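These notes concern the structure reproduced below.
Quick note: the coordinates plus some simple rules give every number you see, no bench work behind them. Being a predicted model, the structure only gives us computed values, none of them experimental. Note: ideal-geometry Cβ built from the backbone for every residue, glycine included; neighbour counts use all protein chains shown.
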């Protein structure tokens, strides 16, 4: 049972993350968050959207874990003075479920729950965005990579862009983009990531081999573009290939879970961004 001190810490971290994401949102909106209250509160649309996405993701894990009788404390949100205002959120499960089905369902619930508000936010954000004519990015600033799903949403919901213009994504849209990036990172089928738990539930010990597929791919992507992939490659190595053994359900998962596993792979392909950030 989670203690009062633990709940108070979780709430404090949540509120601090609301502040740091609001500050980041103000900067994204072109305002100085420290100049005035109005400047700071201009970051609320971004902060509210991103916190909604992160909360939905963690709530998916939390409620499905509780459904399977796994004691789950409240998530810890991680405030940070970064471009997006946070390092995300984590749930510290005291133990993993012994059942393959339970492990699969708990792992998948987070990315699925976070995907829905991310897509909605990105669609709304694209509608709120403006475009820069001429097909050239601003003289200075940041370019974000586009996943397949982003391009599809841009094609459906954008009103003023063409192949000769550049989309200037609104803060709400950027929060949705961050949500899709978080989904892509979490669905990597390695380590203690959600995708790693899915892979272990589906493949058992054979899932360990996937690290030696993902690791060189990240090294290559870092060489070709965003250097942050090298950090992720090191983190995945530190996580290792070990995984707690499952006590029950030694046989194969039912077809329904295998189908959802294929769906998770399709989602990963749709939301993955090979080169997420580029500063110009």
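Values computed for the structure shown
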item	result
Spin-label model distance (nm) - residue 142 vs residue 215, 7 Å beyond Cα toward Cβ	3.0 nm
Calculated FRET efficiency for the pair residue 206/residue 258, C-beta based, R₀ 22 Å, to 0.05	0.95
Label-point separation, residue 278 to residue 41 (7 Å along Cα→Cβ), nm	3.9 nm
Residue order, fewest to most beta carbons within 10 Å, for 47, 35	35, 47
Förster-model FRET efficiency, 35 Å R0, residue 152 and residue 239, C-beta, rounded to 0.05	0.65
With Cα atoms, 0 to 90° folded angle of helix 4-28 axis to the chain main axis	30 degrees
Mean separation of Cα contacts under 8 Å, 6 or more apart, over the residue count of the range 1-158: relative contact order %	22 percent
Rounded tilt (10° steps) of 100-128 against the dominant C-alpha axis of the chain	10 degrees
Candidates 86, 22, 41: whichever shows maximal mean-square fluctuation once the chain is modelled as a Gaussian network with Cα springs under 10 Å	41
Stretch gain in nm, segment residue 223-residue 7, where the contour uses 0.36 nm per residue and the Cα spacing is subtracted	73.5 nm
Relative contact order for the range 20-94, counting Cα pairs under 8 Å that sit 6 or more residues apart, in percent	31 percent
Label zone at residue 265 (point 7 Å along Cα-to-Cβ), backbone N below 18 Å, the range 202-228	202-215, 217
Top of 122, 198, 37 by mean-square fluctuation, Gaussian network on the chain, Cα under 10 Å	37
Relative contact order (%) - the chain, alpha-carbon pairs under 8 angstrom, separation at least six	20 percent
Folded to 0 to 90 degrees: helix 211-224 orientation relative to the chain principal axis, Cα	10 degrees
Segments 174-183, 51-60, 188-197 sorted - mean Cβ within 10 Å per residue, highest first	174-183, 188-197, 51-60
Residue-averaged 222 nm ellipticity for the chain, from DSSP H runs of 4+ at -39500 (n - 2.57), nearest 500	-19000 deg cm²/dmol
Ranked packing of 26-32, 252-258, most packed first, by mean Cβ within 10 Å	26-32, 252-258
Selected from 94, 117, 75 as most flexible by GNM, with the chain as the system and alpha-carbon contacts under 10 Å	94
Label of the coordinate-derived value, Cα extents along the principal axes in Å, listed as [x] 58, 44, 32; [y] 55, 47, 31; [z] 58, 45, 42	[x]
